Amino acid sequence: MSAANFDGSTIAEDGLLFLSEGQYEVLRSGKYQAGDILLCIRDPLGKFGVVSEGGRAVASSLVILRPHDVADLDFLVAYLRSPLFSQSV
């Protein structure tokens, strides 16, 4: 998954780049799970999306935010959509 897959606050599955199973297995971090939030830390800075499926990896332009529960997920999404966040990036 990379920043190219972001469309507003949703994630498009079109044009995904794939690692081989061996490459994926040796990754120590960067593997996301269903319900994680992926946040762009490069251009386009601040774009984000909640992923519905896990078992994939992120490019270096993204970070994974992993909420502990649904309330944390709802709070994080509300914050990422807020003017407070958009003015700080």
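Observations on the model:
- Single condition PHE75 does not satisfy, out of (1) part of a loop (DSSP other than H, G, I, E, B); (2) open to solvent by 70 Å² or more (accessible area, probe 1.4 Å): (1)
- Complete set of residues in the stretch 10-61 that are more than 17 Å from ARG81 (Cα to Cα), touching a Leu at 6+ places or on another chain (Cβ under 9 Å) and part of a strand (DSSP E or B): TYR32, ARG56, ALA57
- Residues (part of a loop (DSSP other than H, G, I, E, B) and open to solvent by 50 Å² or more (accessible area, probe 1.4 Å)) located in the stretch 62-72: ARG66, HIS68, ASP69
- Criterion (of a type in the set (Phe, Trp, Tyr) and within 14 Å of the chain's Cα centre (by Cα)) met by exactly one of PHE75, PHE6: PHE6
- In the stretch 82-89, the count of residues that are surrounded by 11 or more Cβ atoms within 10 Å (Cβ to Cβ), at pLDDT 85 or above and within 10 Å of the chain's Cα centre (by Cα) is zero.
- Note on the stretch 2-47: residues that are acidic (Asp, Glu) and modelled with pLDDT of 90 or more total 1.
- Residues being surrounded by fewer than 19 Cβ atoms within 10 Å (Cβ to Cβ) and within 10 Å of SER2 (Cβ to Cβ) - total across the stretch 34-56: 1
- Residue count for the stretch 47-76, restricted to those that are closer than 20 Å to SER88 by Cα and either of a type in the set (Phe, Trp, Tyr) or touching a Ser or Thr at 6+ places or on another chain (Cβ under 9 Å) (or both): 7
- Output for the stretch 40-89, where each listed residue is of a type in the set (Val, Ile, Thr) and out of contact with any strand residue (DSSP E or B) (no Cβ under 8 Å at 6 or more places or on another chain): VAL70, VAL89
- Test: residue in the stretch 14-25 that is at positive phi and free of Cβ contacts under 8 Å to residues at least 24 places away in the same chain: yes
The values are calculated or read from the model by the stated rules, or taken from the named source; none is laboratory data. Bear in mind that the values here come from a model prediction, so they are computed numbers and not experimental data. Heads up, the Cβs are rebuilt from the backbone with ideal geometry, glycines too, and the neighbour counts pull from every protein chain shown. Each accessible area value is taken on the protein alone, full model and side chains, heavy atoms only, with ligands, DNA and RNA left out. Shrake-Rupley method; radii C 1.70, N 1.55, O 1.52, S 1.80 Å.
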